[in-house]
Amino acid sequence: MPLPFADRLNNVETSAIRELFKLLGKPGIISFAGGFPDSAMFDVEGIKEAANKALTEEAGGALQYGATEGYNPLREQLAAFMGSKGVTVAPDGLIVTTGSQQALDLLGKTMIDPGDKVIVEGPTFLATIQCFRLYGADLVSAPIDANGVDTDELEKLMAEHKPKFVYLIPTFGNPSGAMLSLERRKKVLALAVKYNTLVVEDDPYGDLYFNEAPPPSILSLSKDVPGSRELIAHCGSMSKVLSPGLRVGWMIAPAELLAKATMCKQFSDAHTSTFAQATAAQYLKAGRMPATLAKVRKAYGERALAMGAALKRELGDAIEFTQPQGGLFFWARLTGAGGKTKDAGEFAKRAINQGVAFVPGAPFFAGEPDVSTFRLSFATADVGKIEEGVARLGKAL
Ligand code: PMP
């Protein structure tokens, strides 16, 4: 007899990507598949020092139960960190979450009733699709290009579907790598006000730019658009720059939403690890973040350039892509030029046989998938491995 699981589980399935990850253990595989930062980038010394300080200076807080909203010294540091990025927020204007993934779950829990429409980008972060569907969301996919979501299409979809909220990854999206232009960011704010609709800005990659800083976050720009600030929920994360293992993220949102999210978080994990929070707070307080950011930007920037050049050399006009200006990902499309395959799933299988892995793009679409798309991460392989891996991709194609 099968166990009587909740009906909501029928809305989701184990991701196709997880199946692919099982193959990655094969010896000699070069993986462009993961969404991980490079472990070699972790500032282990800095984190050790911060953890030590947390234990010597504030063990009573760092090892004790804490407030659901977050550990105050961290909330203060995060408010200052956001301040350095043009966002004025008081420490109690944000809550700490267990990774930004938990913020997405709390948004699902607090906002989504079964059948509710939610607009997401096509493509978007797979775990968001799964998470919102678990709450019964009826996802509507808005098309994107190299400048992020097409705001004319977004407006049409907002007018037609009257969504509960709109979920965007405006800066170096996962999987798209795309960066929403300043003009479109302003348009998104205007749409939020015009349709009185919450916009979720998921921003784990915004600090990972290679050369020029991206346009200010939608949250930061909201100060110039009357009435818009109360319609933005912004999710941040320590994962991509500092360490995903710390599981420290945060959400800045209207007070009413933060209160409801906090209530739900209380029943879920009571609070994010106080030890991790105290460590993150000490890390920020020690002023190590700027140097860490400079280091990861440089390393990932070099890898992105190497991958772009290798892709052009090895795959030529059989694929098209926009060179990412930050983040961890290339998003590419098989063109079919020279009679080559346009099916990224088939290409992925052939690539595994050649000893290189990546993820086909189809699972990242909540709507009609574009099966010619795929995602390559340049974060975890060094330049030599990137060149070898892309050469294998050339052979596979
Ligand atoms: N949002 C996006 C767009 C992501 O790519 C990720 C991580 N892959 C997350 C949220 C979750 O990250 P974390 O929970 O580690 O902060």
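With springs only between Cα atoms under 10 Å, which of Gly115, Gly34, Gly136 fluctuates most in a Gaussian network model of the chain?
Result for the chain, Cα springs under 10 Å: Gly115 fluctuates most.
Taking the Cβ of Ser239 as the center, what net charge do the other residues with Cβ under 14 Å away carry, scoring Lys and Arg +1 and Asp and Glu -1?
That sum, taken over residues with Cβ under 14 Å, equals -3.
Please give, to one decimal in nm, the separation of the simple spin-label points placed at Cys264 and Ala67, each 7 Å out from Cα toward the Cβ.
Using points 7 Å along Cα→Cβ, the separation is 2.1 nm.
Once the other residues with Cβ under 13 Å from the Cβ of Ser228 are scored (Lys, Arg +1; Asp, Glu -1), what is the net sum?
That works out to +3.
Mind checking the full-extension length gain between Ala146 and Lys48? Use 0.36 nm per residue of separation minus the Cα-Cα distance, one decimal, nm. Don't jump to the answer; show the numbers that get you there.
Details: separation 98, 0.36 × 98 = 35.28 nm, distance 3.93 nm.
This chain segment gains 31.3 nm when fully extended.
Find, among the GluC sites (Glu not before Pro) in segment 208-306, those assigned to loop by DSSP (not H, G, I, E, B) with at most 11 other beta-carbon atoms within 10 angstrom.
Details: sites: Glu212, Glu230, Glu256, Glu302; in loops: Glu212.
Within segment 208-306, the qualifying GluC sites (Glu not before Pro) (loop, at most 11 other Cβ atoms within 10 Å) are Glu212.
Going by C-beta contacts inside 10 Å, put Leu258, Leu246, Leu63 in order with the fewest on the left.
On the way: Leu258 21, Leu246 24, Leu63 14.
So the residues, fewest neighbours to most, are Leu63, Leu258, Leu246.
Specify whether the C-alpha gyration tensor of segment 100-187 places it in the rounded, prolate or oblate class, a ≥ b ≥ c being the square roots of the eigenvalues: rounded for a/c under 1.5, otherwise prolate if a/b is larger than b/c and oblate if not. Provide the component values of the computation, followed by the final result.
Values: a/c = 2.09, a/b = 1.36, b/c = 1.53.
Taking the square roots of the gyration eigenvalues as a ≥ b ≥ c, segment 100-187 is oblate.
In the chain, what % of DSSP beta bridges are antiparallel (nearest 5)? Before the final figure, lay out each step's value.
Details: 23 of 42 bridges.
For the chain, the DSSP antiparallel bridge percentage is about 55.
Given a 10 angstrom Cα cut-off, can you work out which residue in Phe21, Phe125, Phe172 is the most mobile in a GNM of the chain?
Most flexible of the set in this elastic network: Phe21.
Fully extended, how many nm does the chain gain between Glu230 and Lys395 (0.36 nm per residue separation, minus their Cα-Cα distance)?
On the way: separation 165, 0.36 × 165 = 59.40 nm, distance 5.17 nm.
Difference between extended and current length: 54.2 nm.
Can you give the extra length, in nm with one decimal, that the chain gains between Asp317 and Ser39 once fully stretched, where that is 0.36 nm per residue apart less the Cα-Cα distance?
Numbers: separation 278, 0.36 × 278 = 100.08 nm, distance 3.33 nm.
Separation in residues times 0.36 nm, less the Cα-Cα distance, equals 96.8 nm.
Read-outs: derived from the displayed coordinates by stated rules, not from any lab. Since we're looking at a predicted model, the values are computed, not measured. Glycine gets a Cβ as well: all are built from the backbone with ideal geometry, and neighbour counts include every protein chain shown.
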